[in-house]
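Novice: This is the structure, below, for whatever I ask next.
The values are calculated or read from the model by the stated rules, or taken from the named source; none is laboratory data. These numbers were taken from a predicted model, which means no experiment stands behind them. Cβ atoms come from the backbone with ideal geometry, glycine included; neighbour counts cover every protein chain shown.
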Ligand code: ATP
């Protein structure tokens, strides 16, 4: 009977996932085997990532031809760096993530990973190289162990355990009566937003990708959860290149480089301190968020 319900579960999941904006696209493609917008060029070689650098070279993109969303965007994330993308709503932040994952191809310019044009390599290899922690992580009505192992078929118990530890969710799991065998989701244990996100981080860690894309939740997390997730990301960001799309500037103040995007154009970039000193859009956004935080605290 369970086998019968699984496709229904899946449909619900696909629907909820699509609604969230940046979806866990690799999973979607794997599950649905649907027609993709972009196709591999014949005989496309695999992406080989030795130094996971990311480069956007004058990238121009619009969902429809009349309206450019990214207007010649250039930036570089050196291998091992932590880069954050901030900017007003609709600036094009999530679009950058979708292009990096090659959900679409740019209409102009190139996107390179370790010097290789991502439009010229096999998509499966590209998607294996990038782990995504989406805004609102979706868990299956399955055990916690299954949800973590889902990052990579054939993960061993040890790997699952190790990923949970690095994602700082292990103590929580070990306190559950059935541990990793505890069912989660509608029929089982309900997890908080922060716990769900940590399961998603563990899932990505099992995959062990050289590049990690983190789409910060827009919804407010309590500051404790936010702090926990921050620390977790710090730990998992070691030895890999991370790109974080951030809404709360406080979560990315220690990024190596912060890219400030406005209307599809890079208007400022630099470290938190450099950007504050510029007294531009970033400084303005920072001041606004600080005073909002003070209001909440008052
Ligand atoms: P937010 O902070 O609100 O998440 P964002 O900076 O991530 O915003 P994007 O999601 O990249 O912004 O969207 C940039 C623009 O592209 C917006 O004007 C949006 O309406 C438009 N857009 C996004 N996705 C699509 C789509 N699938 N088809 C058409 N237009 C889209």
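Matching residues to (1) within 22 Å of residue 81 (Cβ to Cβ); (2) part of a helix (DSSP H, G or I):
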| site | (1), (2) |
| --- | --- |
| 110 | yes, no |
| 127 | yes, yes |
| 137 | no, no |
| 152 | no, no |
| 158 | no, yes |
| 165 | no, yes |
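Novice: Residue 153 versus (1) within 21 Å of the chain's Cα centre (by Cα); (2) more than 14 Å from the ligand (Cβ to nearest atom); (3) over 20 Å from residue 201 (Cα atoms): which is the lone unmet condition?
Specialist: In the conditions (1) within 21 Å of the chain's Cα centre (by Cα); (2) more than 14 Å from the ligand (Cβ to nearest atom); (3) over 20 Å from residue 201 (Cα atoms), residue 153 misses (3) alone.
Novice: With the requirement that a residue be within 13 Å of the ligand (Cβ to nearest atom), under 18 Å from residue 272 (Cα atoms) and surrounded by fewer than 22 Cβ atoms within 10 Å (Cβ to Cβ), what does the stretch 79-92 give you?
Specialist: Across the stretch 79-92, the qualifying residue is only 88.
Novice: Something else now. Checking residue 47 against (1) within 16 Å of the ligand (Cβ to nearest atom); (2) buried (at least 21 other Cβ atoms within 10 Å of the Cβ); (3) assigned to a loop (DSSP other than H, G, I, E, B): exactly one of these is not met. Which one?
Specialist: (1)
Novice: Would you please name the residue that is surrounded by the most Cβ atoms within 10 Å (Cβ to Cβ), looking only at residues in the stretch 277-298 that are in contact (Cβ under 8 Å) with a residue 40 or more places away in the chain and touching a strand residue (DSSP E or B) at 6+ places or on another chain (Cβ under 8 Å)? Outline the logic, then answer.
Specialist: Start the filter on the stretch 277-298 by keeping residues that are in contact (Cβ under 8 Å) with a residue 40 or more places away in the chain, which leaves 281-282, 285, 289, 293.
Adding the requirement that they be touching a strand residue (DSSP E or B) at 6+ places or on another chain (Cβ under 8 Å) leaves 281-282, 285.
Working: 281: 18, 282: 24, 285: 16.
Checked the stretch 277-298; the qualifying residue surrounded by the most Cβ atoms within 10 Å (Cβ to Cβ) is 282.
Novice: Buried (at least 21 other Cβ atoms within 10 Å of the Cβ), more than 17 Å from residue 264 (Cβ to Cβ) and either more than 16 Å from the ligand (Cβ to nearest atom) or at pLDDT 90 or above (or both), is that true of residue 102? Steps first, please.
Specialist: On the way: buried (at least 21 other Cβ atoms within 10 Å of the Cβ): yes; more than 17 Å from residue 264 (Cβ to Cβ): yes; either more than 16 Å from the ligand (Cβ to nearest atom) or at pLDDT 90 or above (or both): yes.
So residue 102 passes the test.
Novice: Then there is this: Would you point out which residue out of 272, 263 is under 16 Å from residue 87 (Cβ atoms), modelled with pLDDT of 80 or more and within 16 Å of the ligand (Cβ to nearest atom)?
Specialist: Details: 272 fails: within 16 Å of the ligand (Cβ to nearest atom).
Criteria check complete, one pass: 263.
Novice: Another question, then. Being part of a loop (DSSP other than H, G, I, E, B), surrounded by fewer than 18 Cβ atoms within 10 Å (Cβ to Cβ) and at pLDDT below 95 is the filter here; which residues of the stretch 63-78 pass it? Write out each step before concluding.
Specialist: Going residue by residue through the stretch 63-78, those that are part of a loop (DSSP other than H, G, I, E, B) are 63, 65-66, 68-69, 78.
From what's left, surrounded by fewer than 18 Cβ atoms within 10 Å (Cβ to Cβ): 63, 65-66, 78.
Scanning the stretch 63-78 gives 63, 65, 66.
Novice: Still on this structure: Taking residue 54 and the conditions (1) within 15 Å of the ligand (Cβ to nearest atom); (2) more than 17 Å from residue 216 (Cβ to Cβ); (3) buried (at least 23 other Cβ atoms within 10 Å of the Cβ), which numbered condition does it fall short on, given that it satisfies the others?
Specialist: Unmet for residue 54, out of (1) within 15 Å of the ligand (Cβ to nearest atom); (2) more than 17 Å from residue 216 (Cβ to Cβ); (3) buried (at least 23 other Cβ atoms within 10 Å of the Cβ): (1).
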